[in-house]
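**Q** After the structure tokens below, expect a handful of questions from me.
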Amino acid sequence: MAKNAVPTNRLRNNAVSADKIAAGSVSATKLAGVIVRTNTASVSAESNGSTTAACVGNERMLSGGGGFNIITGAPHPWMVASFAENSNTWRVRVHNPAAFSRNLTVRVICLA
């Protein structure tokens, strides 16, 4: 532990905030790794669909998103919503206008 460091068990909840962290003191090399979790679900023809992807264990969600692969000549599906459903899960809602089912893939980016 660094000289003058305060151990975690001595800190109150929310005692450390962004304005109390020195510029440049936190960088990507000092953070844990980033993991991308995915989940794929079929969306029926001419219908709405939704699915989620979630971080696991002690991972922390950073962001997320999703979409379809584009098929030339087919009607393009569109995203209805993409949002954090809770602190660990990303949800994407879409509409598939095509006359056939399409796979929707949702990705969540997690700090390991």
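The values are calculated or read from the model by the stated rules, or taken from the named source; none is laboratory data. Remember, it's a predicted structure, so these values are computed and weren't measured experimentally. Glycine also receives a Cβ, built like all others from the backbone with ideal geometry; neighbour counts cover every protein chain displayed.
**Q** Looking at the stretch 80-98 only, could you name the residues that are under 16 Å from residue 45 (Cβ atoms) and small (Gly, Ala, Ser)?
**A** 98
**Q** Testing residue 97 on (1) closer than 30 Å to residue 5 by Cβ; (2) in contact (Cβ under 8 Å) with a residue 40 or more places away in the chain, one condition comes back false. Which one is that?
**A** With respect to (1) closer than 30 Å to residue 5 by Cβ; (2) in contact (Cβ under 8 Å) with a residue 40 or more places away in the chain, residue 97 is out only on (1).
**Q** Continuing with the same structure: Are any residues in the stretch 72-86 at pLDDT 95 or above and part of a loop (DSSP other than H, G, I, E, B), and if so, which ones?
**A** Within the stretch 72-86, 85, 86 meet the criteria.
**Q** Also: Can you tell me which residue is nearest to residue 94 (Cα to Cα) among those in the stretch 19-48 that are assigned to a helix (DSSP H, G or I) and modelled with pLDDT of 80 or more?
**A** Taking the candidates together, the pick is 19.
**Q** Continuing with the same structure: Between 57, 24, 33, 49, which is exposed (fewer than 10 other Cβ atoms within 10 Å of the Cβ) and touching a residue at least 40 places away in the same chain (Cβ under 8 Å)?
**A** The unique qualifying residue is 33.
Rundown of residues vs (1) within 26 Å of residue 35 (Cα to Cα); (2) hydroxyl-bearing (Ser, Thr, Tyr), yes/no style:
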residue	(1), (2)
61	yes, no
64	yes, no
69	yes, no
75	no, no
81	yes, no
89	yes, yes
97	no, no
108	yes, no
112	yes, no
